[in-house]
Structures are given as structure tokens and as C-alpha cells.
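Notes follow once the structure below has been shown.
The values are calculated or read from the model by the stated rules, or taken from the named source; none is laboratory data. Everything quoted here is computed from the prediction, not taken from an experiment. Every residue, glycine among them, receives a Cβ derived from its backbone with ideal geometry; neighbour counts consider all protein chains shown.
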């Protein structure tokens, strides 16, 4: 289970880094379909990309020993859950079409399920009580 969790953490981070690089290097293409968006929006996309890279790098480092760095596993779960809720909200409100945000929805559902299945529930509880 721990090996599967390590793989899931690294895959989640790799996808995050790829998306972040897109936000950083081609923010205008990311805004296709949002012609009325303010001119400073690429700046915010680049900031989000920076944060995503930093978070992803730390999750990759934490994947070496998920039990020791269990809070990074929890952070990845929380990030995925918030991304899922945000995508669902904007799709339901009709602000963003499913064709644009559906991939975010689907990827986050997959990773939330994977993280929760692979999460070391008993080992995480045992390691907390030992300290």
C-alpha cells in the first residue's frame, strides 16, 4: 500500500508540475474562451503555477517516506478536494463548460479515491500515538 501511495503522490505531483508549467509559460492559451478576462489574469495564473510547482516538489520529496510526511499526503488530498469542488461549482453554475474543466474534475476524483484507498490509516494512527 505504501508503494502505491508513493506512486500516486509522484503521479499527482507530475501532473501538477505539467499543469503549472502551462500556467507559467502559456497563460494566454490557458485563457482561451475568456476574452473578457482582465489583462492581469495571466499574472495570477503564473502565481498559481509557481505555488503548484512548489507544492508538487514537496509532495515528491515526501513520497520518499509518506508515513514520516503524512501531512503532505493530507495536503495533496485537501488540494485535490478543493480543486474538485471548485471545478464542480463553476461547471454547475455554467461559468465554465464541462469540456474545459471536466478534466480537472475527473483527474481529481481519481486521485482523491486513490489517496484515500492507499492512505495508511492504521500506520498513520500508530505513528501518531508513538510520538
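When segment 79-131 is limited to residues that are surrounded by 14 or more Cβ atoms within 10 Å (Cβ to Cβ), in a helix (DSSP H, G or I) and more than 19 Å from the chain's Cα centre (by Cα), the one that is modelled with the highest pLDDT turns out to be 123. Of the helices (runs of 4 or more DSSP H) lying entirely inside segment 1-68, those containing at least 3 residues that are within 26 Å of residue 94 (Cβ to Cβ) and within 19 Å of the chain's Cα centre (by Cα) are 2-25, 41-62.
Could you tell me whether segment 53-66 includes any residue that is surrounded by fewer than 15 Cβ atoms within 10 Å (Cβ to Cβ) and in contact (Cβ under 8 Å) with a residue 12 or more places away in the chain?
First pass over segment 53-66, keeping only residues surrounded by fewer than 15 Cβ atoms within 10 Å (Cβ to Cβ): 54, 57, 61, 64-65.
From what's left, in contact (Cβ under 8 Å) with a residue 12 or more places away in the chain: 57, 64.
There is at least one residue in segment 53-66 that is surrounded by fewer than 15 Cβ atoms within 10 Å (Cβ to Cβ) and in contact (Cβ under 8 Å) with a residue 12 or more places away in the chain.
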